[in-house]
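Have a look at the structure below, then the notes.
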Amino acid sequence: QSALIQPASVSGSPGQSITISCTGTSSDVGTYNHVSWYQQHPGKAPKLMIYEVSNRPSGVSNRFSGSKSGNTASLTISGLQAEDEADYYCNSYTNRGALPWVFGTGTRVAVL
Amino acid sequence: EVQLVESGGGLVQPGGSLRLSCAASGFTFRTYWMHWVRQAPGKGLMWVSRLNGDVTITNYADSVKGRFTISRDNAKNTLYLQMNSLRAEDTAVYYCVRESGDSFDYWGQGTLVTVSS
């Protein structure tokens, strides 16, 4: 089961906007809207930030937004803040492999 | 408040066994799919296994199939992972995760499993 492809790292200055891509195939991101994003700070458990491509759970800042085009999903962080420095993982439902969900490779976000 | 609390991790020799537990509270446990996800040191997230609420469907990653067994006790609101024939590559933090149907909305704090002689 191949992982979704994310850039290894993305960086930005405070106040800027950054976008993290998540590239899959027609077996996952391209077909299903069950795409979600998770934030993980060092030594902590992942936290759900976006579900169903573009929905934010209660309590998640509206600086975080999600979208999808074709086989690629994206997470945008606007007004970048120091606390946004973390690892981010995408996830999608898939119709290939032993398990019906697949994670992305992960992206380290650095706030310069 | 939803809480997932893992326990049972530790140091084990290659070929050994370990059973992880995840105590759930704050929601109707029996109605949710539950998962185990692991993260090797410095690596990304990897799915291990999942189990539905009425214990009729299980799935495993190919790398653990035949060695790991997921189970649950809905009366005790507890999820388990029995891990046998452990290998060095199974070393990871293991997370207990609740599936909401379209995403994974709650994660435990994780329990570290180290396989080493």
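The values are calculated or read from the model by the stated rules, or taken from the named source; none is laboratory data. Please read these numbers as outputs of a predicted model, since none were measured by experiment. Reconstructed Cβ throughout: ideal geometry from the backbone, glycine too, with neighbour counts over all protein chains shown. To get the accessible areas, we keep the full protein, side chains included, count just its heavy atoms, and leave off ligands, DNA and RNA. Shrake-Rupley method; radii C 1.70, N 1.55, O 1.52, S 1.80 Å.
I'm checking my understanding of the structure. Among residues of the stretch A:77-88 that are open to solvent by less than 10 Å² (accessible area, probe 1.4 Å) and either small (Gly, Ala, Ser) or out of contact with any helix residue (DSSP H, G or I) (no Cβ under 8 Å at 6 or more places or on another chain) (or both), which one is nearest to the other protein chains (Cβ to nearest Cβ)? Break it down stepwise before answering.
Within the stretch A:77-88, the subset open to solvent by less than 10 Å² (accessible area, probe 1.4 Å) is A:77, A:80, A:84, A:86, A:88.
Within this subset, residues satisfying the condition of being either small (Gly, Ala, Ser) or out of contact with any helix residue (DSSP H, G or I) (no Cβ under 8 Å at 6 or more places or on another chain) (or both) are A:80, A:84, A:86, A:88.
Details: A:Leu80: 22, A:Asp84: 19, A:Ala86: 13, A:Tyr88: 11 Å.
Only one residue tops the list, namely A:Tyr88.
Exactly one of these conditions fails for A:Leu48: (1) of a type outside the set (Gly, Ala, Ser); (2) surrounded by fewer than 16 Cβ atoms within 10 Å (Cβ to Cβ); (3) touching a Pro at 6+ places or on another chain (Cβ under 6 Å). Give me its number.
In the conditions (1) of a type outside the set (Gly, Ala, Ser); (2) surrounded by fewer than 16 Cβ atoms within 10 Å (Cβ to Cβ); (3) touching a Pro at 6+ places or on another chain (Cβ under 6 Å), A:Leu48 misses (2) alone.
State which residue is modelled with the highest pLDDT when the search covers only the stretch A:90-112 and only residues that are small (Gly, Ala, Ser) and outside any strand (DSSP E or B).
The selected residue is A:Gly106.
Report the residue count in the stretch A:22-55 for those that are within 21 Å of A:Gln81 (Cβ to Cβ) and assigned to a strand (DSSP E or B).
8
Looking at A:Ser58, A:Ser65, which is the one that is polar (S, T, N, Q) and either in a loop (DSSP other than H, G, I, E, B) or within 10 Å of chain B (Cβ to nearest Cβ) (or both)? Walk me through it before giving the result.
Values: A:Ser65 fails: either in a loop (DSSP other than H, G, I, E, B) or within 10 Å of chain B (Cβ to nearest Cβ) (or both).
Exactly one of A:Ser58, A:Ser65 is polar (S, T, N, Q) and either in a loop (DSSP other than H, G, I, E, B) or within 10 Å of chain B (Cβ to nearest Cβ) (or both), namely A:Ser58.
Would you check if B:Leu79 is closer than 29 Å to A:Tyr51 by Cβ, more than 11 Å from chain A (Cβ to nearest Cβ) and in contact with a Ser or Thr (Cβ under 9 Å, 6 or more places away or on another chain)?
Criteria met by B:Leu79.
Could you check chain B for strands (runs of 3 or more DSSP E) lying wholly inside it with 2 or more residues that are touching a strand residue (DSSP E or B) at 6+ places or on another chain (Cβ under 6 Å), open to solvent by 30 Å² or more (accessible area, probe 1.4 Å) and closer than 28 Å to A:Thr107 by Cα?
In chain B, B:3-7, B:45-51, B:58-60, B:104-107, B:111-115 are the strands (runs of 3 or more DSSP E) which contain 2 or more residues that are touching a strand residue (DSSP E or B) at 6+ places or on another chain (Cβ under 6 Å), open to solvent by 30 Å² or more (accessible area, probe 1.4 Å) and closer than 28 Å to A:Thr107 by Cα.
For the stretch A:1-38, what are the residues that are closer than 27 Å to B:Val64 by Cβ, in contact with a Phe, Trp or Tyr (Cβ under 9 Å, 6 or more places away or on another chain) and open to solvent by 20 Å² or more (accessible area, probe 1.4 Å)?
The answer is A:Gln1, A:Ala3, A:Thr31, A:Tyr32, A:His34.
Just one of (1) more than 10 Å from the chain's Cα centre (by Cα); (2) within 27 Å of B:Met34 (Cα to Cα); (3) in a strand (DSSP E or B) trips up A:Asp87, so point out which.
The one condition A:Asp87 does not meet is (1).
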